[in-house]
1. Solvent-accessible area of Ser70, probe 1.4 Å, all protein chains present, reported in Å² to the nearest ten, please.
2. Please work out how much accessible surface Leu80 shows to a 1.4 Å probe, ignoring ligands, DNA and RNA, in Å² rounded to 10.
3. For the chain, which whole percent of the accessible surface, found with a 1.4 angstrom probe, sits on carbon and sulfur atoms?
4. Can you work out the FRET efficiency for the pair Ser16 and Ser56, with r the C-beta to C-beta distance and R0 = 25 Å, to the nearest 0.05?
5. Just to make sure I understand: if all protein chains stay in place, what is the order of Arg71, Arg18, Arg37, Arg26 by accessible area at 1.4 Å, largest first?
6. Give me the accessible area per residue for the chain, probe 1.4 Å, as a whole number in Å².
7. Report, in whole Å, the centroid distance computed from the Cα atoms of the range 27-53 and the range 103-119.
8. Report the gain in length on full extension from Thr68 to Ala39: 0.36 nm times residue separation, minus Cα-Cα distance, nm rounded to one decimal.
Amino acid sequence: VQLQASGGGLVQAGGSLRLSCVASGRTFSRYNMAWFRQAPGKEREFVAAISFSVPSTYYADSVQGRFTISRDNAKNTVYLQMNSLKPEDTAVYYCAADQSVTMQVTQNQYDFWGQGTLVTVSS
């Protein structure tokens, strides 16, 4: 599957952005999807994940209550709604897809990655 992320940009602290990730292929509904991010000079870290079934979601503590991951299988798209943004949310955000039975939070479990979209939060 190929992933195309978009929606990044420059926003002031306290503002909102919605990221989108469109997947190619017909089996999108069978993939667990996730967002990771990498800030300058830091390791890439998990942000949020959504399972292919039910679906269920899971968030990093740092974004819990501020970010919401969702998916629209009819549009082959996963979203990340980001509210109450902080300067420390500044990073390149990547979407990823995984076919495991259970939802994963470690990046080495994900098989497919998008190209990343830059989010910059000014103070």
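1. 50 Å²
2. 0 Å²
3. Numbers: 2960 of 6330 Å².
Carbon and sulfur together cover 47 percent of it.
4. On the way: r = 24 Å, r/R0 = 0.95.
Calculated transfer efficiency: 0.60.
5. On the way: Arg71 40, Arg18 125, Arg37 15, Arg26 235 Å².
In descending accessible area the options line up as Arg26, Arg18, Arg71, Arg37.
6. Working: 6330 Å² over 123 residues.
Using a 1.4 Å probe on heavy atoms only, each residue of the chain averages 51 Å².
7. If you average the Cα positions of each part, the centres end up 4 Å apart.
8. Result for the pair: 8.5 nm of gain on full extension.
The values are calculated or read from the model by the stated rules, or taken from the named source; none is laboratory data. Since the model is a prediction, treat every value here as computed from it, not as a measurement. Here the Cβ is made from the backbone with ideal geometry for all residues, glycine too, and neighbour counts use every protein chain on show. All accessible areas refer to the heavy atoms of the entire protein, side chains included, with ligands and DNA or RNA removed. Shrake-Rupley method; radii C 1.70, N 1.55, O 1.52, S 1.80 Å.
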